[in-house]
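These notes concern the structure reproduced below.
The values are calculated or read from the model by the stated rules, or taken from the named source; none is laboratory data. Keep in mind that this is a model prediction, so the values were computed, not measured. Cβ sites come from the backbone with ideal geometry, for glycine too, and all protein chains shown count toward neighbours.
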Amino acid sequence: MSENVSNHIHKTSKKRKKALWIVLATSVLVLIGLIFYALFRRPVVESVTHEAGTFINIEEFLINERIQGEFVTNIEEIGISDLGEYTIQIQVKDKVYSCIMTIVDTLPPSGSALSPETLEEILPLPEDCVVNIEDATEVTVSYKEVPDVNKAGNVDTVILLQDKGGNVTEIPVTIIVLADTEAPVIEGAVDLSIDEGMTLEYLEGIAVTDNKDENPSLIVDDSQVDLNQGGEYEAVYIATDKAGNIAKQPIKVIVIPDVLAPVIEGTQDITVEVGGSISYRKGVTVTDDKDENPTLTIDNSQVDLETPGIYEVIYTATDRKGNASTATIQVTVKSLETLAMEQEVYEKAADILARITDESMTDMEKAFAIYRWTLTSIGYTGSSDKSDWIKGAYQAFKNRSGDCYTYFAAAKALYNVAGIENVDIVKSDTSRSSHYWSLINLGDGWYHVDCTPRSGSGDNFFMVTDAELEAYSSLHRNSHIFDGSLYPERATESVQHMVNYSNGTLNQ
Ligand SMILES: [Ca+2]
Ligand SMILES: [Ca+2]
Ligand SMILES: [Ca+2]
């Protein structure tokens, strides 16, 4: 028994010793572990969450403040407001550790309400409703609900400030909506001047703007202006905005009267054979100082194209204002026989002229040669057909005889071919006898030429003045009396000292 007891005691003692050893060994292992942990544990945290807008401090990354470390990553290159994840490298002693830094924005923005003024129907920008906005990240500004600003008054609304982190701040504001009381502004209005009868483009160059209305209306009141009557008038531009504000801008309108008649150009006498036709407008133009399209009427009611004769045609041009001018032409209707006779007369005249003149002669020498040829080449028989000078010339060239009409007509044909300006002149008092002669103009005025030989005396009439003709006429029963008012004004300077009738030459 005692041995058993002794054994039992001995066994108990052994068990205790064993437990003690286990505790001791465990403690040693824990201690060793702690020493290892202290000596070799990671000094840098695995991850960091950083609030945007604050300074990035090395201590955020170290497990306690006894550890000394420094950034390997250039931390200044990271925007402190740029949200996101960054891998940051940190050196502690001679080892480099990585850490994930996440920049977050958890703080809502702040701002101060304004009370912006606006006009009816014009919504202020939400940015204009808040000032002093502050946040670490970019903030967008918007209306929570778009306010109704269509009517004047105070409108309460809410502005939302939202940052990059999704944080939202609501700011109540009051918008002051004002009615539009400002009239539009008219620009470009100037006094206008225009020719009578024209139309005015009043609105050309006129601009209207308004403080609120993008399209204010613009009209012109020209009820006082009469564009068809010269004078000075007033017109008024009237601009109106949507709110009914009106601006008025008067201008002066000067209407320049049209007092000048149109000018007719290109009319000329027309010769046509019996039964022929005439285009009266051909080559005729009408212009006016003010009217771009003056009217032209042609009165040819007197013309009888079926009957030979000389007829008048009257052109009348009228401008818009009623100023009128006229031009008259003669239409000569000739029989075919007369036209043929005319052609023969001119052929014969050309033959004669070629014989009695040459290129070296002056116009006066040519005229004198015509005078001498006519005077001496035709015999006086005292009768002729006076219905047409062509007939007279025909008789002169064919028969070489006739009366004063024959001489006059022959000379006229020769003057025409020689290009000498001439006018027919007739005796005004034909109670005793009729007589025909010419006025010619060589550039120094009109002179009388009478190629009819006078019986008896050696009287000569080459380029004589009225006075010289009158001196003869008064002594010879008014042989050359005429109505001076019917003819172009005559020259008064005598050229008789140049004329040598006896030997047929001119003194230069
Ligand atoms: Ca924020
Ligand atoms: Ca306005
Ligand atoms: Ca005119």
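A few comments on the model shown:
- Which listed residue is within 12 Å of ligand 2 (Cβ to nearest atom) and not acidic (Asp, Glu), from Val253, Val208, Val225, Val236: Val208
- Selection of the range 79-106 for residues being under 28 Å from Val168 (Cα atoms) and in a strand (DSSP E or B) yields Gly84, Glu85, Tyr86, Ile100, Met101, Thr102, Ile103, Val104.
- Looking across the range 395-434 at every residue that is in contact with a helix residue (DSSP H, G or I) (Cβ under 6 Å, 6 or more places away or on another chain) and β-branched (Val, Ile, Thr), the one that is surrounded by the most Cβ atoms within 10 Å (Cβ to Cβ) is identified as Thr406.
- All positions within the range 445-455 that are farther than 14 Å from Phe408 by Cβ, at pLDDT 95 or above and part of a loop (DSSP other than H, G, I, E, B): Gly445
- Some residue of the range 340-354 being away from ligand 1 (no atom under 16 Å from the Cβ) and either in a loop (DSSP other than H, G, I, E, B) or within 30 Å of Ile194 (Cβ to Cβ) (or both): no
- Criterion (in a strand (DSSP E or B) and surrounded by fewer than 17 Cβ atoms within 10 Å (Cβ to Cβ)) met by exactly one of Val158, Val146: Val158
- With respect to the conditions (1) in contact with a Gly (Cβ under 6 Å, 6 or more places away or on another chain); (2) among the acidic types (Asp, Glu); (3) free of Cβ contacts under 8 Å to residues at least 40 places away in the same chain, Asp403 lacks only one, and its number is (3).
- In the range 104-141, the residue that is farthest from the chain's Cα centre (by Cα) out of those that are closer than 30 Å to Ala243 by Cα and either aliphatic (A, V, I, L, M) or within 16 Å of ligand 1 (Cβ to nearest atom) (or both) is Ala113.
- On inspection, Glu365 fails the criterion of being of a type outside the set (S, T, N, Q) and free of Cβ contacts under 8 Å to residues at least 60 places away in the same chain.
- Restricting the range 363-400 to residues that are in a helix (DSSP H, G or I) and in contact with a Pro (Cβ under 9 Å, 6 or more places away or on another chain), the residue that is farthest from Val449 (Cα to Cα): Thr376
- For the range 73-88, the count of residues that are within 60 Å of the chain's Cα centre (by Cα), assigned by TED's automatic domain parsing to the domain that holds Gln162 and small (Gly, Ala, Ser) is zero.
- Residue in the range 96-119 that is modelled with pLDDT of 95 or more, among the aromatic types (Phe, Trp, Tyr) and buried (at least 18 other Cβ atoms within 10 Å of the Cβ) present: yes
- Among residues of the range 440-470, those that are crowded, with 21+ Cβ neighbours inside 10 Å and within 60 Å of the chain's Cα centre (by Cα), counted: 4
- Within the range 42-53, residues that are in contact (Cβ under 8 Å) with a residue 12 or more places away in the chain and more than 16 Å from ligand 2 (Cβ to nearest atom) sit with their Cβ atoms under 7 Å from residues that are outside any loop (DSSP other than H, G, I, E, B) and of a type in the set (Asp, Glu), at 6+ positions apart or across chains, in these pairs: Val48/Glu60; His50/Glu60.
- Flag for Lys321 being in a loop (DSSP other than H, G, I, E, B), surrounded by 15 or more Cβ atoms within 10 Å (Cβ to Cβ) and within 16 Å of ligand 3 (Cβ to nearest atom): yes
- Residue count, the range 407-437 (criterion: in contact (Cβ under 8 Å) with a residue 60 or more places away in the chain and either in a loop (DSSP other than H, G, I, E, B) or not hydrophobic (A, V, I, L, M, F, W, C) (or both)): 1
- Scanning the range 58-78 for residues being surrounded by fewer than 11 Cβ atoms within 10 Å (Cβ to Cβ) and in a loop (DSSP other than H, G, I, E, B) gives a total of 4.
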